[in-house]
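Have a look at the structure below before the remarks.
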Amino acid sequence: MALRLLENDLAHLLLALVVLLTAAHVVGYVFELLRQPRVIGEICGGLLLGPTGLGAVAPGAYKVLFGSSPEANLVIFEAIFKLGLILLLFCSGMEIRQAFQKEERRTALWITVLGTVLPFGAAWLVLPSFDMAPYMGDRATAFSFNLVIAVAVAVTSIPVISKIFMDLGLLGTPFARIVLSAAVLEDIVLYVVVGIALASAKRPDSTVGDYGLGHWLGLDDGSRMSIGLHVAVTLAFFVLVLRFGPQLFAAVSRAKFNLMRRGSQLGYLLAFLLVMSLLAMTLGVNVMFGAFVAGMAAAQASEDADESRKALKDFSSAFFIPIYFAIVGLKLDLLRDFPMGFFLVFTAAACAVKAASVWIGAKLAGCTARGAWNLAIAMNARGGPGIVLASLAYDARIVNEKVYVVLVLLAILTSLLAGAHLVNLRRRGAELL
């Protein structure tokens with residue numbers, strides 16, 4: 001029977017959305033006043049409304065808002081969540097292309113290579129020594145799970161660390177350029193790996209999904225052929241879209257037949273995003289990775305699209321992205337799904353190996369001990385990408401609820417620590433490099 005959205009259901013949906021949106025923006029703004037990343041406040045807004053906050057203090061109110069949603073509302077919430085994630089990655093891709101700087105290349109390259117390869121490699125080598133079955137989702141393979149955890153150890157957040165630099169007036173400094181350039185290169189590589197991990201997860205029917213190249217070829221999940229295909233197609237998609245995507249975007253944009261672009265440049269930008277996301281799905285590439293690469297391609301196009309890109313970012317940042325992060329917080333149940341021991345060990349190990357790797361890279365590039373230490377702390381901020389990774393892996397059921405909570409809290413904690421350290425340095429007028 002087809003789902004119907006009755007007036008009562010619509011009223012319930014609108015109430016839940018306005019409460020979530022209000023909490024995300026209010027708490028996000030409070031965090032900004034405290035010179036902390038807004039994204040962390042948006043998550044905390046959802047956390048306060050979820051089972052950890054409102055659900056524990058006033059379970060009746062929580063059930064009215066979120067616990068007894070009809071099936072139609074749940075489908076709409078899931079769609080908003082997915083659209084928020086697609087738009088977030090598209091906007092992140094645009095920011096990455098625009099943030100890239102060529103200065104301080106040597107230091108950025110050293111900390112990129114060592115700050116990515118060493119943490120990722122350490123996690124990849126150590127994980128098989130432990131029994132991780134209690135933390136794996138029901139569709140995880142050992143390969144996909146280990147990739148996700150290794151990326152979680154190695155990732156750095158561009159949006160969060162750039163926002164911290166902006167708030168502190170450090171965005172144009174050599175220190176900021178080094179961190180952002182390294183984070184750009186690092187996140188490109190790690191998003192490719194995430195796309196491969198997601199494509200390698202098991203599907204309910206034991207084949208590679210019900211749509212896309214892998215499904216049509218009838219490949220089994222976890223087979224060498226399946227993994228090899230996903231690696232090759234993901235890399236090919238990434239290279240070809242970055243090489244030819246900007247020219248294609250600009251050429252179609254200028255074409256006389258493109259009445260959509262004449263009618264609405266923003267509509268054309270959205271159509272480009274949706275087409276590239278659909279193309280990624282058709283090739284068997286994860287749709288979120290497709291949106292990320294599409295953003296990188298769109299950012300290289302002609303400057304007359306700048307206003308539309310800004311409008312898309314502004315609207316996404318006003319509704320879809322805050323709702324997405326609020327739902328991330330809403331999903332956290334710290335009273336039931338928080339493995340304290342695992343969190344402490346994993347957080348300490350992840351921060352230590354990432355900081356040590358960046359410190360070594362910075363020293364080999366000729367930085368002072370103080371500068372290397374500051375770079376190590378800044379590059380430890382996992383922020384948005386760490387949270388996106390947790391959401392993607394949990395949604396694909398590669399990790400279970402406990403690991404989802406750990407990965408989100410790791411991203412929050414490392415972002416707050418990096419922000420606090422840089423604020424303290426700025427207040428004391430200390431040298432960064």
Total residues in region 21-37, condition buried (at least 22 other Cβ atoms within 10 Å of the Cβ) and under 10 Å from Pro322 (Cα atoms): 3
Any idea which of Met379, Met340 is surrounded by fewer than 23 Cβ atoms within 10 Å (Cβ to Cβ) and either free of Cβ contacts under 8 Å to residues at least 40 places away in the same chain or under 16 Å from Ser157 (Cα atoms) (or both)? Met340
Picking from Asn374, Asn400, the residue that is more than 24 Å from Leu87 (Cα to Cα), modelled with pLDDT of 85 or more, touching a Gly at 6+ places or on another chain (Cβ under 7 Å) and not aliphatic (A, V, I, L, M) would be Asn400
Does region 238-262 hold any residues that are out of contact with any Gly (no Cβ under 6 Å at 6 or more places or on another chain) and aliphatic (A, V, I, L, M), and which are they? Val239, Leu240, Val241, Leu242, Leu248, Ala250, Ala251, Val252, Ala255, Leu259
Residue that is modelled with the lowest pLDDT [pool: residues in region 262-273 that are part of a helix (DSSP H, G or I) and either more than 14 Å from Met94 (Cβ to Cβ) or of a type in the set (D, E, K, R) (or both)]: Arg262
The residue from Leu171, Leu229, Leu248, Leu235 that alone is of a type outside the set (Lys, Arg), within 23 Å of the chain's Cα centre (by Cα) and at pLDDT 75 or above is Leu235
From the list Asp314, Asp333, which residue is charged (D, E, K, R) and outside any helix (DSSP H, G or I)? Asp333
What pairs can you find where one residue is in region 47-63 and under 12 Å from Leu332 (Cα atoms) and at pLDDT 90 or above, the other is among the small types (Gly, Ala, Ser) and assigned to a loop (DSSP other than H, G, I, E, B), and their Cβ atoms are less than 7 Å apart, with a gap of 6+ or different chains? Leu47/Gly53
Residue count, region 274-285, condition buried (at least 21 other Cβ atoms within 10 Å of the Cβ) and part of a helix (DSSP H, G or I), comes to 3
Region 350-375, residues that are without any contact (Cβ under 8 Å) to a residue 40 or more places away in the chain and more than 21 Å from Ala420 (Cβ to Cβ): Lys363
Filter pass, Ala326 being at pLDDT 85 or above and under 26 Å from Pro59 (Cα atoms): yes
Given the structure, is Phe325 without any contact (Cβ under 8 Å) to a residue 40 or more places away in the chain, within 24 Å of Met276 (Cβ to Cβ) and not polar (S, T, N, Q)? no
For region 91-125, give me each residue that is modelled with pLDDT under 85 and within 21 Å of the chain's Cα centre (by Cα). Cys91, Ser92, Gly93, Met94, Glu95, Ile96, Arg97, Gln98, Ala99, Phe100
I need a count of the residues in region 401-433 that are buried (at least 18 other Cβ atoms within 10 Å of the Cβ) and of a type in the set (S, T, N, Q). 2
Of those in region 288-315 that are surrounded by fewer than 20 Cβ atoms within 10 Å (Cβ to Cβ) and within 22 Å of the chain's Cα centre (by Cα), the residue modelled with the lowest pLDDT is Gln300
Failed item in (1) touching a strand residue (DSSP E or B) at 6+ places or on another chain (Cβ under 6 Å); (2) surrounded by fewer than 23 Cβ atoms within 10 Å (Cβ to Cβ), with Ala365 passing the rest: (1)
Can you name every residue in region 238-273 that is under 17 Å from Lys313 (Cβ atoms) and of a type in the set (Ser, Thr, Tyr)? Ser264, Tyr268
Residues within region 384-433 that are assigned to a loop (DSSP other than H, G, I, E, B), free of Cβ contacts under 8 Å to residues at least 60 places away in the same chain and under 21 Å from Gly195 (Cα atoms), tallied: 0
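The values are calculated or read from the model by the stated rules, or taken from the named source; none is laboratory data. Everything quoted here is computed from the prediction, not taken from an experiment. All Cβ positions, glycine included, derive from the backbone under ideal geometry; neighbour counts span all protein chains shown.
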